[in-house]
1. Sort SER104, SER68 from largest to smallest accessible area, using a 1.4 Å probe on the heavy atoms of the protein chains.
2. Taking the dipole about the Cα centre of region 127-202, with the C-beta of Lys and Arg at +1 and of Asp and Glu at -1, give me whichever of ALA163, ALA185, GLY195 is farthest to the positive side.
3. Ignoring any ligand, DNA or RNA, what whole percent of the accessible area of region 136-182 comes from carbon and sulfur when the probe is 1.4 angstrom?
4. Beyond 19 Å, what share of the Cα-Cα pairs of region 35-182 remains, rounded to the nearest whole percent?
5. Taking a probe of 1.4 Å, how large is the accessible area per residue of region 126-202, in Å²?
6. How large is the dipole of region 120-202 about the Cα centre if only Lys and Arg carry +1 and Asp and Glu carry -1, each at its Cβ, rounded to the nearest 20 debye?
7. Over the Cα atoms of region 104-190, how large are the radius of gyration and the largest Cα-Cα distance (Dmax), in Å?
8. At 1.4 Å probe size, with every protein chain present, just tell me what the per residue accessible area of region 61-110 comes to in Å².
Amino acid sequence: MKIGIRVVTLLFLLVAAFPVAYSQDNETVVRPLQLGVFGLGGGTLTDVRGGKNLDITAGAYLMFGNLSYHGFVPGIEIRGSYPVSVGKLDAQENFLGGLKIERSYRKLHPYIDVEFGRGQITYEGAGFLNTSGTILYQKTNSNVGAVGAGFDYDILTSFAIKADVQFEDYTTVPVNANGSALAKAFRVGVVYRFGYSDNRPY
């Protein structure tokens, strides 16, 4: 989890330092609220004995433009991920919610998020023994903490493409020596923003 936090902190600093050189006419129009939904697909390195998943993710967010500070706009987000191809090791799924912070540069909208929720790991085949070899596990449930970063890029009125990466820490994985798993998820997809009519985010 520490690696994920360091990466996202670095990305956050890069977003904050991104040069802004717009005239008054080109400044972002800030709306009090902006609701959006998204669908993503991609791959996850599960951190369980080299496991890999292909998964789909769906989610929604609500941004609070009236609370913007120095160009940063806070919001809340929920997302759920489900594996569609799991290989021979494990299948990971989760449902998360938390804080999202975004900053906009014309059509480009980079963001970071910090989320928490619940997750499940299903161990394929007959299951996996714990590290001491005394208990066979076929499925475990745990809390999940995640940090992530990504961007949306406007392509049409109301529509944008999305790409993001998340580090998802499953806190109870008895088949791993350290008792947890830090999954790394890479996803791309599309976003639809309700009431988005001027090619600017809020």
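The values are calculated or read from the model by the stated rules, or taken from the named source; none is laboratory data. Predicted model, so just to flag it, every value in this text is computed and none were measured. All Cβ positions, even for glycine, are placed from backbone atoms using ideal geometry, and neighbour counts span all protein chains on display. Accessible surface is based on the protein model in full, side chains and every heavy atom, while ligands, DNA and RNA are left aside. Shrake-Rupley method; radii C 1.70, N 1.55, O 1.52, S 1.80 Å.
1. Values: SER104 20, SER68 50 Å².
Highest to lowest solvent-accessible surface, that is SER68, SER104.
2. My answer, from the dipole projection, is ALA185.
3. On the way: 1080 of 1870 Å².
Of the solvent-accessible surface of region 136-182, carbon and sulfur hold 58 percent.
4. For region 35-182, the fraction of Cα-Cα distances above 19 Å is 55 percent.
5. 44 Å²
6. The calculation lands at about 60 debye.
7. Calculated on Cα positions, Rg and Dmax stand at 17.6, 57 Å.
8. 47 Å²
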